[in-house]
Amino acid sequence: MAGKTDGPGIQPLHFFGERDRPDRAEKVLDRPFVRGDGKIPDGLRELKSRLSVYSHSTGKKDRPKIETERVESRDGRSTWRVDLPIGDKDHRLGLALPGREAIREKPEVFLKQTSAGTPFASFRPSWIDATFAPRIVTHDRFRPMRRINGRPVNPLYVFGPDDRWAFRDPSWPWGLVGKVFTSSGWTGSAALIGDRIIATAGHVVPWDDNPWWMRFVPAFYDGSSLHGVGVESYVSDARGYDVNGNVTGYDWAVCRLYQPLGSWLGYFGYNGYSSSWEDDPYWSLIGYPGAIAGGQRPSFQGSVSSFDTDGDSNGGLEIETRGDLTPGNSGGPMFGWWSGDPRLIGVVSGEEEDWSPGFWPWEWADTERGNVIAGGSGFTNLMAWGRSNWPL
């Protein structure tokens, strides 16, 4: 239930996190590998052993009839075809589990329902290994789309050589980022930030679909999760800010999962942002852009810096970076490390061109390109709302 707080709520510019500078890359990489005890939680073990699909009907008692047929036998192993009636003909549902509530509210509504004492740190279960750099793999890049005149078309920007790399790593925290599939047909990226909570971009959520669904697959790699084929969850509820769909500083959403993946796999923390951290390469970017392995493998770019910020009211902040981002990265995390604790400072939103005056009258005015990360106190406040109101 929403609104379970003991006090009047938090202020618009409440700062969740630490104001000290995050760790530099060399300090992070010097941290030793942490071996988990390997005792996989029973709930995760059960999820790994099955793959769930959903059939829909108009009557409560219309139980679907499942049929199986043995179609092949080889080396003593059998292959079975499992037939499940689709039921509801609504193409937006298919075999998906529909969400319940996807609501955009004004910032003050969330602020009243969030406790200032909500923890902001990450969580690593004792069973899982922790590494401080992902295991990189080689990858093929797709050719960009081009205009009739031959110029490339990129809805987000790549600056110089593309510095992203595909990786294959289900360890903590790399296996906490996943691919999002939606009823509207588009895909994006998201990260676990609570027991059953993910953070993504507001524009990734199919707010206007009715019915609607979102499917989150952590550590998605070549069609399924590296944690196990059945390790995934649909979204039950989503919340975001009511900003008329235009303000990238508010382009966040927090989503509740049907399955408590975070309690089994762990999750990121989150932290407010200080402009004093600009121009230093503290940050990492993870997502599923179509330009890297066709969006079938996660991509990583480290040692990314920010160069400017544009503030909005109620804590919205556009953090501008020249990290390489293209469609599919949307909703993916930009994060740093505080004493070995990985925390999001925002999620990928879009691109921006700012007008920059020249040294009149000797130079013409120019535009400055950057990719935008939606962060700030408003972002951490919404993440804290999720942890406050959607506990395990």
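Please determine, by comparing only the residues of the stretch 95-146 that are within 24 Å of GLY295 (Cα to Cα), over 20 Å from the mean Cα position of the chain (by Cα) and basic (Lys, Arg), which one is modelled with the lowest pLDDT.
Checked the stretch 95-146; the qualifying residue modelled with the lowest pLDDT is ARG146.
Between a residue in the stretch 290-318 that is farther than 27 Å from ARG24 by Cβ and any residue that is of a type in the set (Phe, Trp, Tyr) and loosely packed, with under 15 Cβ neighbours inside 10 Å, which pairs come within a Cβ distance under 6 Å, given they are 6 or more apart or on different chains?
Hits for this filter: ALA291/PHE142.
I'd like the full set of residues that are buried (at least 19 other Cβ atoms within 10 Å of the Cβ), assigned to a loop (DSSP other than H, G, I, E, B) and of a type outside the set (D, E, K, R), limited to the stretch 229-240.
Scanning the stretch 229-240 gives a single hit, VAL231.
Report yes if LEU265 is buried (at least 19 other Cβ atoms within 10 Å of the Cβ) and touching an Asp or Glu at 6+ places or on another chain (Cβ under 9 Å), otherwise no.
The answer is no for LEU265.
List, please: which pairs have Cβ atoms under 8 Å, are six or more places apart or on different chains, and start with a residue in the stretch 83-98 that is under 10 Å from SER183 (Cα atoms) and end with one that is in a loop (DSSP other than H, G, I, E, B) and at pLDDT below 85?
Hits for this filter: GLY94/ILE86.
Residues are listed down the side, and each one gets a yes or a no for (1) under 14 Å from ARG239 (Cβ atoms); (2) aliphatic (A, V, I, L, M); (3) at pLDDT 95 or above; (4) in a strand (DSSP E or B):
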site	(1), (2), (3), (4)
SER184	no, no, no, no
LEU192	no, yes, yes, yes
HIS203	no, no, no, no
TRP212	yes, no, yes, no
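Can you tell me which residue in the stretch 319-347 is farthest from PHE216 (Cα to Cα), limited to those that are hydrophobic (A, V, I, L, M, F, W, C) and free of Cβ contacts under 8 Å to residues at least 60 places away in the same chain?
Among them, the one singled out is ILE319.
Just to be sure I understand the filter: pairs with C-beta atoms under 8 Å, separated by 6 or more residues or on different chains, first member in the stretch 252-271 and within 21 Å of SER171 (Cα to Cα) and among the aliphatic types (A, V, I, L, M), second member modelled with pLDDT under 95 and crowded, with 24+ Cβ neighbours inside 10 Å. Which pairs pass?
Qualifying pairs under 8 Å: none.
Quick one: would you say ILE373 is buried (at least 24 other Cβ atoms within 10 Å of the Cβ), β-branched (Val, Ile, Thr) and modelled with pLDDT of 95 or more?
No.
The values are calculated or read from the model by the stated rules, or taken from the named source; none is laboratory data. Source: prediction; values computed, not measured. So basically every Cβ, Gly included, is an ideal-geometry build from the backbone, and we count neighbours across all protein chains shown.
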